[in-house]
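Data first, discussion second: the structure below is written as structure tokens.
The values are calculated or read from the model by the stated rules, or taken from the named source; none is laboratory data. Given the structure is predicted, the values throughout are model-derived calculations rather than measurements. No Cβ is skipped: glycine too gets one built from the backbone with ideal geometry, and neighbour counts run over all protein chains shown.
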Amino acid sequence: MKKTVKIGFLMIVLAFAVTACATGNVNTPLPQSINIEQPEPNTPKEIAGYIGVWEGVWDLEIHGIRSFHAMAVTVVIEKIKDSRVTAIYSWGNWKTYIDEGWIRITGIVENGKVILHSGSRNITLDKNPGNVKTLNATYSSGNWRGDAVLFRGDSKNLNIVVKRDISHLPEKIRAYNGAWKGMFNNGTQITDDIEVISEKKVIVNHSWGDNPDRNVKAGSWSQEAEFNKDGYITIIRKNNRTLTIKLNKDGTLNVRLEGQNDNGYWWLVDGDLKKIE
């Protein structure tokens with residue numbers, strides 16, 4: 001599968017031809033575009049070295065049962081600023097237990113390590129003192145534990161292309177573009193990554209974290225959608241679930257999900273998201 005890259009003054013933009021991509025021998029799904037921002041000049045070299053694409057395979061353990069080379073993983077560190085980290089966590093299929101997916105995730109730099117967190121998911125990255133081209137990674141989520149050695153993504157598969165230009169579009173359309181993070185009013189952490197394609201079309205990746213209190217398991221999906229006549233986005237999913245995305249006057253993003261349960265009762269959750277800078 002083809003991956004493309006444009007190198008700019010402050011930013012590297014990885015634009016993928018398809019949603020599921022491979023950086024080397026590891027195949028995990030990734031968003032249509034990835035923005036890797038160069039660190040500020042005062043960022044320590046060892047911290048700046050985390051920025052980029054890292055890939056490997058998790059060894060997983062649950063209830064004391066360990067599975068080696070169980071699930072492919074890609075971590076993309078897009079931005080580190082003032083010890084705050086913006087990243088993408090992507091994983092492959094594992095038997096019948098876990099379906100592949102990806103989420104936007106944030107974290108911090110602490111004691112020289114990158115610590116990422118989303119819902120019950122915790123990922124720690126640490127430089128390998130014996131090999132500067134690898135990272136030691138650990139994972140925890142509920143009863144799950146994992147560890148892996150991550151390697152730099154293979155840049156040989158990258159080709160220079162032109163980044164999609166949306167500067168000519170109306171501001172009210174361009175304002176949707178980007179990654180948004182927040183919480184539904186039932187306590188479920190959510191992230192919506194929106195890529196504006198044209199004045200009418202967008203690609204939305206909707207992801208959510210675990211919420212045991214509501215029997216919600218983490219997951220994600222991606223779908224192309226259109227702005228409706230009222231200027232916001234409505235996506236109809238399976239099981240009659242509808243996701244509505246609307247920009248608020250204060251610059252936040254209102255996301256509403258509604259549907260019908262097995263007993264025929266209608267339900268609705270919503271929340272206001274902030275853009276990940």
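If you go through region 170-184 and keep only what is surrounded by fewer than 20 Cβ atoms within 10 Å (Cβ to Cβ), touching a residue at least 40 places away in the same chain (Cβ under 8 Å) and over 16 Å from the mean Cα position of the chain (by Cα), you end up with LYS172, ILE173, ALA175.
Candidates GLY259, GLY251, GLY187: the one that is surrounded by 15 or more Cβ atoms within 10 Å (Cβ to Cβ), modelled with pLDDT of 90 or more and out of contact with any helix residue (DSSP H, G or I) (no Cβ under 6 Å at 6 or more places or on another chain) is GLY187.
Among the residues making up region 207-248, a single one is closer than 17 Å to THR188 by Cα, among the charged types (D, E, K, R) and surrounded by 15 or more Cβ atoms within 10 Å (Cβ to Cβ): ASP210. Scanning region 89-104 for residues that are of a type in the set (A, V, I, L, M) and crowded, with 22+ Cβ neighbours inside 10 Å returns a single hit, ILE103. Here is a check on your reading of the model: is SER198 over 19 Å from ASN186 (Cα atoms), outside any loop (DSSP other than H, G, I, E, B) and polar (S, T, N, Q)? No: the conditions fail for SER198.
Annotation note: of VAL109, VAL114, the sole residue that is closer than 23 Å to LEU30 by Cα, part of a strand (DSSP E or B) and at pLDDT 90 or above is VAL114. If you take the residues in region 233-277 that are aromatic (Phe, Trp, Tyr) and part of a strand (DSSP E or B), which one is farthest from GLU195 (Cα to Cα)? Checking each candidate, the answer is TRP266. Under the condition of being in contact with a strand residue (DSSP E or B) (Cβ under 9 Å, 6 or more places away or on another chain), over 13 Å from ALA148 (Cβ atoms) and surrounded by fewer than 18 Cβ atoms within 10 Å (Cβ to Cβ), the residues counted in region 48-65 number 4. Considering (1) in a loop (DSSP other than H, G, I, E, B); (2) more than 24 Å from TRP102 (Cβ to Cβ); (3) at pLDDT 95 or above, the lone condition that ASP230 does not fulfil carries the number (3). Applying the set (1) crowded, with 16+ Cβ neighbours inside 10 Å; (2) within 28 Å of ILE34 (Cβ to Cβ); (3) touching a Phe, Trp or Tyr at 6+ places or on another chain (Cβ under 7 Å) to LYS274 leaves exactly one unmet item: (1). What are the residue pairs meeting all of these: first residue in region 198-219, first residue over 19 Å from PRO170 (Cα atoms), second residue aromatic (Phe, Trp, Tyr) and buried (at least 18 other Cβ atoms within 10 Å of the Cβ), Cβ atoms under 7 Å, and 6 or more apart or on different chains? If the second residue must be aromatic (Phe, Trp, Tyr) and buried (at least 18 other Cβ atoms within 10 Å of the Cβ), the pairs left are VAL216/TRP208; ALA218/TRP208; GLY219/TRP208. Here ILE36, ILE47, ILE88 are screened, and the one residue that is more than 17 Å from ASN122 (Cβ to Cβ), in a strand (DSSP E or B) and among the β-branched types (Val, Ile, Thr) is ILE36. Each residue in region 262-271 was checked for being of a type outside the set (A, V, I, L, M, F, W, C) and at pLDDT 95 or above, and 2 of them qualify.
Restricting attention to region 23-43, does a residue exist that is at pLDDT 90 or above and among the hydrophobic types (A, V, I, L, M, F, W, C)? Taking every residue of region 23-43 in turn, none turns out to be at pLDDT 90 or above and among the hydrophobic types (A, V, I, L, M, F, W, C).
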